[in-house]
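Trainee: Take this structure, written in structure tokens, and hold onto it; I'll ask about it next.
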Amino acid sequence: AHAEVVVVGLGLTLWCGEVAEGGGEENRRMKKGLVVYKLYRALSYGLSPLIHLHLRWRRFLGLEHPLRWPERLGHPSRPRRPGPLLWFHAVSLGEGMIAIPVIKHCIRRMPHLHVLMTITTMSAFEVLSKSLPSEIILQFSPVDTPTSIHSFLDYWKPNAIVLMESELWPNLIMDASRNGITLALLNARISEKSVKYWSEPVLLPLISLMLSKFSLIVPLSTEQGIRLQLLQAPPHIIHFSGDLKYVIEDFGVNERGRNNIENLRVQLTQKKVWMASSIHRGEEEIILGVHFALMQQQPNILTIIVPRHLQQGREIARKLEKEGQNVLLRSQYEKFKAGTNIYVVDTLGELRQLYTLTPIAVIGGSLLPGLSGHNISEAAAAGCAVLTGCHVGHFSHMVLEMQRSNPLSVLQVSGKLELEKALLELFTNATLLEARGRAAKEVFCSLSCGIVEKTWSLLNFHIFDRFSSEESKSLRL
């Protein structure tokens, strides 16, 4: 960790030196960025009618909300309450869930602050609309066209905008800056592919211009901080607080779901259970292959499969039923029948609870080339023995961080044969299974400590201090 800090410090020093010696070059770069942005703005304005039609088509396909889809064009469906307003924007359920602990902490520290949260996907809306605190206003995010962004900002008039992870939209960022709205980027991440894309001569001035408009950028790892520096983010706005994926809260499970999970726990007491979560298309073949192989040696096995998308889960269940397998779907809330050995989850927002049912969790999105992993910390928090594939993308920092703390906390496997071997060893070695589960939970507790408080401190210093003096007096404790 010390070596990483030294590298970052050296990178910051070199960057600062270049700016000091080449201020004229920086100005030229910003002018180029402004030219590229104006071209983007003109193009997005010209394509607005097509984007409108595209949204209507998505609504027809069920990918947009049937009634609230106009929110995507910047048309609000809720009143704007008087007083200072903080806008948090996340794309999907994952990004939304990591924002919730920060939002709740901000509300506790500043009770008079109003919070607007926007999301893009229907899955995020379905879960968050039922589980967010009532004081948080939930809307769908506007598409990045000049008209939609203008309409949205003009109505909501946020004092500050907090973007989650990688939401870098030119019209949103530039219009917010033009209107004096403070910008922050939390849990910031840029994939290696995106770095190459943004580093192209035409696009580098644009991303450099956009990043210069932020008052605070909090990368999720040291590596991500270096990538942002390579894209010429101002060094003085980059600060670290830890990966917010470690602090996702347990919410979104209704009373019926909780009761059913407790019933499941009772039914599973005599089973040897393992769970494969966030499974992408193609990975189910690996998981089912391992399941059938384990059944030959451990007939009392029960495999829980949690696909990434609901429809995929139902397709898996139908296919298994046609093959004569005894499978249950989570959404049916039925009791296990004699011989049931596969349980397919086709519900949203229950993953954290489901991890408590199993001593072993295999995290998907990692077993095939081209995938980029998923959050392993939720399984670790539940005390599961955590396994994942080798294709973990931007979650590689989390895997390495946990393995550095304790090598037993996460096991990576290269494919079906290694996964089968690892699971069989865990099922036949109770001491090893207990050690891996304990290591995962201890490492999680260590790494998650204080992250929300650190994030709050950064927001308080870099964002809330920029509110007007009158607003600050009414907000601060």
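Trainee: Take the residues in region 136-187 that are assigned to a loop (DSSP other than H, G, I, E, B) and either without any contact (Cβ under 8 Å) to a residue 12 or more places away in the chain or more than 30 Å from R108 (Cβ to Cβ) (or both); name whichever of them is most open to solvent (accessible area, probe 1.4 Å). Give the steps one after another, and end with the answer.
Mentor: Restricting attention to region 136-187, the residues satisfying the condition of being assigned to a loop (DSSP other than H, G, I, E, B) are 141-145, 157-159, 165-169, 179-181.
Now narrow it down to the ones that are either without any contact (Cβ under 8 Å) to a residue 12 or more places away in the chain or more than 30 Å from R108 (Cβ to Cβ) (or both): 143-145, 180.
Numbers: V143: 21, D144: 19, T145: 5, G180: 63 Å².
The residue in question is G180.
Trainee: Give me a count of the residues in region 227-242 that are of a type outside the set (D, E, K, R), closer than 14 Å to S194 by Cβ and not in a loop (DSSP other than H, G, I, E, B).
Mentor: Of the residues in region 227-242, 2 are of a type outside the set (D, E, K, R), closer than 14 Å to S194 by Cβ and not in a loop (DSSP other than H, G, I, E, B).
Trainee: I've got another one for you. Within region 301-342, how many residues are hydroxyl-bearing (S, T, Y) and out of contact with any helix residue (DSSP H, G or I) (no Cβ under 7 Å at 6 or more places or on another chain)?
Mentor: In the first step, residues of region 301-342 are kept if they are hydroxyl-bearing (S, T, Y); the result is 303, 331, 333, 340.
Filter once more, so that each one left must be out of contact with any helix residue (DSSP H, G or I) (no Cβ under 7 Å at 6 or more places or on another chain): 331, 340.
So the answer is 2.
Trainee: Mind checking which residues of region 205-225 are at pLDDT below 95 and open to solvent by 30 Å² or more (accessible area, probe 1.4 Å)?
Mentor: Once the filter is applied, which keeps residues that are at pLDDT below 95 and open to solvent by 30 Å² or more (accessible area, probe 1.4 Å), region 205-225 yields T222, E223.
Trainee: Return yes or no: is S77 touching an Asp or Glu at 6+ places or on another chain (Cβ under 8 Å) and either over 18 Å from Q139 (Cα atoms) or among the aromatic types (F, W, Y) (or both)?
Mentor: no
Trainee: Additional query: Which helices (runs of 4 or more DSSP H) does region 1-118 wholly contain that include 1 or more residues that are modelled with pLDDT under 95, farther than 23 Å from L186 by Cα and open to solvent by 20 Å² or more (accessible area, probe 1.4 Å)?
Mentor: Where helices (runs of 4 or more DSSP H) fall fully within region 1-118 and carry at least 1 residues being modelled with pLDDT under 95, farther than 23 Å from L186 by Cα and open to solvent by 20 Å² or more (accessible area, probe 1.4 Å), they are 2-21, 23-46, 48-60.
Trainee: Is there a residue in region 335-357 that is more than 23 Å from A317 (Cα to Cα), part of a strand (DSSP E or B), open to solvent by less than 10 Å² (accessible area, probe 1.4 Å) and touching a strand residue (DSSP E or B) at 6+ places or on another chain (Cβ under 6 Å)?
Mentor: No, that holds for no residue.
Trainee: Being farther than 16 Å from S77 by Cα and more than 21 Å from the chain's Cα centre (by Cα) is the requirement here; does T121 meet it?
Mentor: no
Trainee: Are any of the residues in region 237-250 of a type in the set (K, R) and over 21 Å from M97 (Cβ atoms)?
Mentor: No, region 237-250 contains no residue that is of a type in the set (K, R) and over 21 Å from M97 (Cβ atoms).
The values are calculated or read from the model by the stated rules, or taken from the named source; none is laboratory data. For clarity, every value in this text was computed on a predicted model and none was experimentally measured. Glycine also receives a Cβ, built like all others from the backbone with ideal geometry; neighbour counts cover every protein chain displayed. Each accessible area value is taken on the protein alone, full model and side chains, heavy atoms only, with ligands, DNA and RNA left out. Shrake-Rupley method; radii C 1.70, N 1.55, O 1.52, S 1.80 Å.
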